[in-house]
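A short worksheet on the structure shown next.
The values are calculated or read from the model by the stated rules, or taken from the named source; none is laboratory data. Please read all numbers here as calculations on a predicted model, not as lab measurements. A quick note on method: Cβ atoms are made from the backbone with ideal geometry, for glycine too, and the neighbour counts reach across all protein chains shown.
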Amino acid sequence: MAFEKIKEDIASVFERDPAARTSLEVIINYPGMHAIWIYRLTNRLWKANWKLVARTLATFARWMTGVEIHPGATIGRRFFIDHAMGVVIGETAIVGDDCTLYHGVTLGGTTWNAGKRHPTLEDDVVVGAGAKVLGPITLKRGARIGSNAVVVKDVPENATVIGIPGHIVEENKLKTHRERIEQLIGFEAYGTTGAAYDPVAQVISSMLNHSRMLEEQLQTIIGSLQQQGMDIQQLNIPGINAADFLGGDVPNTNSESASKFTPEPELESHTSLNSTAKKTQTEHE
């Protein structure tokens, strides 16, 4: 039985890591596999009430692999830890079958109270590099956690979570749709897809579009009023400075590279209001 599980583990590596070439290479050079195999021994010792021996072997495994798996954790079949460094799995964590963790992942607790205090990952969950999944929450089947996300709430089935704190960016309720996406883009190595959108970027883009439309409307109104002979007070409305986005001083405009940092036309739309109004006024005179 144990040998069959090892064969399954090696096969799962070939399914999820294109860098794997031979079974011997996986056995010798994949510390994530070593950590899992030692965990299975420590878990048996833990259940047999040989807790000190189990914890000691788990500590040895951490020194050797960089992965800390508490012997009391529950881990399913075909579990894969890619790159296997800095991974921490707490005592009451539950990991289902066919799950994948990347380096720097923590399945941690948020309380010192006894009892269930670590996450539960159902089958086919992927947690990206550096992500933190904290507390007695549940990541439903097929969930994807993006790199460096901090997740403290339950995640629905087949949902993708990114950000701090984690928020859902897509939720595919139909398994067939999920499989179709994977056929198109391949395995989601770090728990994110190219189809996932950034809600903050969407809001900023909408605000810029709204501002641009208001600008055009104001230009039309000012031109019409000036054609009627009304004197429109010209305000010195500042544009959007490139330094606001670069986080520093705007490069010297005389330098050859200055053109690379020139704001896009829509970012300078405020300054075009005055120039358009002055042009309209000149034509009227």
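Would you be able to say whether some residue in the range 77-85 is basic (Lys, Arg) and closer than 21 Å to Asn29 by Cα?
For the range 77-85, residues basic (Lys, Arg) and closer than 21 Å to Asn29 by Cα: present.
Within the range 60-114, which residues are crowded, with 16+ Cβ neighbours inside 10 Å and small (Gly, Ala, Ser)?
Ala61, Gly66, Gly72, Ala73, Ala84, Gly90, Ala93, Gly96, Gly104, Gly108, Gly109
Would you please list the contacts, defined by Cβ atoms under 9 Å and residues six or more apart or on different chains, that run from a residue in the range 90-113 that is aromatic (Phe, Trp, Tyr) to a residue that is part of a strand (DSSP E or B)?
Correct list of pairs: Tyr102/Ile81; Tyr102/Val87; Tyr102/Val126; Tyr102/Val127.
If the Cβ limit is 6 Å and pairs must be 6+ apart or interchain, which residue in the range 7-24 that is buried (at least 18 other Cβ atoms within 10 Å of the Cβ) pairs with which residue that is small (Gly, Ala, Ser) and assigned to a loop (DSSP other than H, G, I, E, B)?
Val13/Ala20
What is the one condition in (1) out of contact with any Lys or Arg (no Cβ under 6 Å at 6 or more places or on another chain); (2) in a loop (DSSP other than H, G, I, E, B); (3) modelled with pLDDT of 90 or more that Gly130 does not satisfy?
Here Gly130 clears every test but (3).
Looking at Arg117, Arg77 in this structure, which one is in contact with a helix residue (DSSP H, G or I) (Cβ under 7 Å, 6 or more places away or on another chain), on the phi < 0 side of the Ramachandran plot and assigned to a loop (DSSP other than H, G, I, E, B)?
Every option except Arg77 fails the conditions.
Select, from Val155, Val151, Val161, Val126, the only residue that is buried (at least 20 other Cβ atoms within 10 Å of the Cβ) and touching a Cys at 6+ places or on another chain (Cβ under 9 Å).
None of the others qualify; the one that does is Val126.
Looking at Val67, Val53 in this structure, which one is in contact with a Gly (Cβ under 7 Å, 6 or more places away or on another chain), at pLDDT 90 or above, in the same structural domain as Ile145 (by TED's automatic domain parsing) and not small (Gly, Ala, Ser)?
Val67
Taking Gly135 and the conditions (1) closer than 24 Å to Ile10 by Cβ; (2) surrounded by fewer than 20 Cβ atoms within 10 Å (Cβ to Cβ); (3) free of Cβ contacts under 8 Å to residues at least 40 places away in the same chain, which numbered condition does it fall short on, given that it satisfies the others?
Gly135 satisfies every listed condition except (1).
Check Tyr30, Tyr39 and return the single one that is closer than 22 Å to Ile94 by Cβ and at pLDDT 85 or above.
Criteria check complete, one pass: Tyr39.
Here is a yes/no grid of residues against (1) in contact with a Lys or Arg (Cβ under 7 Å, 6 or more places away or on another chain); (2) part of a helix (DSSP H, G or I); (3) farther than 18 Å from His103 by Cα:
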site: Ala19; (1), (2), (3): no, no, no
site: Val26; (1), (2), (3): no, yes, no
site: Leu41; (1), (2), (3): no, yes, yes
site: Arg44; (1), (2), (3): no, yes, yes
site: Asn49; (1), (2), (3): no, no, yes
site: Ala54; (1), (2), (3): no, yes, yes
